[in-house]
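A short write-up of the structure that comes next.
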Amino acid sequence: MFFNNWFKINDKKYLDAISTAGVIGLHMVSATVVGLGMGWYLDRWLGTKPWLTGVFLILGIVAGFKNVWLDSRRLLKAQDKEDAERFGPKDR
Amino acid sequence: MAGGLPHPVLWSTLLHVDQVTIGGATVEFKHVFYTWCAMAVLFSLGLLVRGGLKLVPGGIQNVFEVVIGGLEDFVVTNIGEDGRKVFPLLGGIFLFILFQNLLGLVPGCDAPTANVNTNAAMAVFVFLYYNYQGIKRWGPGYIKHFMGPMWWLTPLMLPLELISHTARPLSLTLRLFGNIRGEEIVMVLFFLMAPIVGTIPVYFLFLLGKVLQSFIFFMLTMIYLKGAFEHAH
């Protein structure tokens, strides 16, 4: 029934999982954009035209992937906790 | 006005507060007006609940106890006992953004979060607040949060962490703004196509979307505070 699912979505556990999954994409993009912007402004300020933009763009991409890694680790941890609640603690 | 489309009718237009002249400069005032509306709703609800506090809750007090109690449990399981100290801010942010978002569903009102300035203000405040809490907790040792797990990784990790911390307010702002603004535009489009019949089905979808967006803002603020509170890796 539709309303049962609606209440399930309002359950905190599901809200938490949906939010974490929904957040991943923009976390990667925003870190990349901030890296690019920082490099661009530093280049304009210091007059080292193409170099700092590239370096900071790469740093931004790495930071974005680090964000994605942290978010997915959070999702996995929640999943493990749920499994432990349901099937008892895991031996790995 | 949502995305260049004519909004059917707005209370702010009727009250002539779409644009106000302050000190000779004409500024956009609509989102400020609707922010005040959300604040007025929250304040009056709060005063109403406080005025009629009972030991056995009923009616509106019951709703508030369920919402706030549930959120506090969620925060405490995630952050730990430190969470109780910052919970007033977190719960406030959740309720404030929720009411701001839901104002977009009220006929004649516009969601103040559909304007990027409102979201930027809240995101910058969150950024300053979790850094303040981190500095208060760790003192100068807060810098260790930016230096990575091993000392020889510091030259690499310092700019990385700096970038990802600066990206936080940006992603907070853009996510809330994009979602709510998009919903407002779709709502006006549906309203133009089929005035009442077309808008009712999307109300349910957007109710979910708006609750989810305010929960995401709240959850991310909580994660950032948790990162500032816990020991550097």
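The values are calculated or read from the model by the stated rules, or taken from the named source; none is laboratory data. Note that the structure is predicted; figures quoted are calculated from it, not measured. Positions of Cβ are generated from backbone atoms using ideal geometry, with glycine treated the same way; all protein chains shown enter the neighbour counts.
Please go through region B:123-176 and pick out each residue that is within 11 Å of chain A (Cβ to nearest Cβ), in contact (Cβ under 8 Å) with a residue 60 or more places away in the chain and assigned to a helix (DSSP H, G or I).
Passing the criteria: only B:176.
Output yes when any residue across region B:98-107 is among the aromatic types (Phe, Trp, Tyr), part of a helix (DSSP H, G or I) and within 22 Å of residue B:187 (Cα to Cα), and no when none is. I'd like the intermediate steps shown before the answer.
Initial filter on region B:98-107 (among the aromatic types (Phe, Trp, Tyr)): B:99.
Now restrict to residues that are part of a helix (DSSP H, G or I): B:99.
Right, trim to within 22 Å of residue B:187 (Cα to Cα) and you get B:99.
Among the residues of region B:98-107, at least one is among the aromatic types (Phe, Trp, Tyr), part of a helix (DSSP H, G or I) and within 22 Å of residue B:187 (Cα to Cα), which makes the answer yes.
Here are B:60, B:97: which of them is out of contact with any Pro (no Cβ under 6 Å at 6 or more places or on another chain) and closer than 19 Å to residue B:216 by Cα?
Details: B:60 fails: closer than 19 Å to residue B:216 by Cα.
Only one candidate passes the filter, namely B:97.
Quick check, is residue B:215 more than 9 Å from every other protein chain (Cβ to nearest Cβ) and of a type in the set (Phe, Trp, Tyr)?
On the way: more than 9 Å from every other protein chain (Cβ to nearest Cβ): no; of a type in the set (Phe, Trp, Tyr): yes.
Considered against the rule, which asks whether it is more than 9 Å from every other protein chain (Cβ to nearest Cβ) and of a type in the set (Phe, Trp, Tyr), residue B:215 comes out as no.
Here are the criteria: (1) touching a residue at least 40 places away in the same chain (Cβ under 8 Å); (2) buried (at least 20 other Cβ atoms within 10 Å of the Cβ). Tell me which single one residue B:181 does not satisfy.
(2)
Which numbered condition trips up residue A:29, out of (1) in contact with a Gly (Cβ under 8 Å, 6 or more places away or on another chain); (2) over 21 Å from residue B:220 (Cβ atoms); (3) of a type outside the set (Ser, Thr, Tyr)?
(2)
Among (1) crowded, with 16+ Cβ neighbours inside 10 Å; (2) farther than 25 Å from residue A:19 by Cβ; (3) away from chain A (no Cβ under 14 Å); (4) touching a helix residue (DSSP H, G or I) at 6+ places or on another chain (Cβ under 8 Å), where does residue B:115 come up short?
Checking residue B:115 against (1) crowded, with 16+ Cβ neighbours inside 10 Å; (2) farther than 25 Å from residue A:19 by Cβ; (3) away from chain A (no Cβ under 14 Å); (4) touching a helix residue (DSSP H, G or I) at 6+ places or on another chain (Cβ under 8 Å), the one that fails is (2).
Please enumerate the residues belonging to region A:30-73 that are facing chain B (nearest Cβ under 7 Å), out of contact with any Ser or Thr (no Cβ under 6 Å at 6 or more places or on another chain) and not hydrophobic (A, V, I, L, M, F, W, C).
A:35, A:66
What single numbered condition from (1) at pLDDT below 90; (2) more than 9 Å from every other protein chain (Cβ to nearest Cβ) fails to hold for residue B:179?
(1)
If you check every pair at least six apart or on different chains, which have Cβ atoms under 9 Å apart with a residue in region B:188-206 that is free of Cβ contacts under 8 Å to residues at least 40 places away in the same chain first and a residue that is surrounded by 14 or more Cβ atoms within 10 Å (Cβ to Cβ) and of a type outside the set (A, V, I, L, M, F, W, C) second?
These pairs meet every condition: B:190/B:198; B:190/B:199; B:202/B:183; B:205/B:183.
For residues in region B:1-57 being exposed (fewer than 11 other Cβ atoms within 10 Å of the Cβ) and of a type in the set (S, T, N, Q), which is modelled with the highest pLDDT?
Among those residues, the one meeting the criterion is B:44.
Kindly indicate whether residue B:212 is among the hydrophobic types (A, V, I, L, M, F, W, C), within 30 Å of residue A:65 (Cβ to Cβ) and in contact with a Phe, Trp or Tyr (Cβ under 7 Å, 6 or more places away or on another chain). Let's see the steps before the verdict.
Working: among the hydrophobic types (A, V, I, L, M, F, W, C): yes; within 30 Å of residue A:65 (Cβ to Cβ): yes; in contact with a Phe, Trp or Tyr (Cβ under 7 Å, 6 or more places away or on another chain): no.
So residue B:212 fails the test.
Among the numbered criteria (1) more than 13 Å from every other protein chain (Cβ to nearest Cβ); (2) under 12 Å from the mean Cα position of the chain (by Cα), which single criterion is violated by residue B:190?
(2)
Could you tell me which residue of region B:75-84 is nearest to the other protein chains (Cβ to nearest Cβ), considering only residues that are without any contact (Cβ under 8 Å) to a residue 24 or more places away in the chain and within 16 Å of residue B:223 (Cβ to Cβ)? Walk me through how you get there before you give the answer.
Taking region B:75-84 first, the residues without any contact (Cβ under 8 Å) to a residue 24 or more places away in the chain are B:76-77, B:81, B:84.
Next cut, within 16 Å of residue B:223 (Cβ to Cβ) only: B:76-77.
Details: B:76: 12, B:77: 9 Å.
By that ranking, first place goes to B:77.
Test residue B:77 against the criterion of being crowded, with 19+ Cβ neighbours inside 10 Å and not in a loop (DSSP other than H, G, I, E, B), and give yes or no. Steps first, please.
On the way: crowded, with 19+ Cβ neighbours inside 10 Å: no; not in a loop (DSSP other than H, G, I, E, B): yes.
Judged against the criteria, residue B:77 is not a match.
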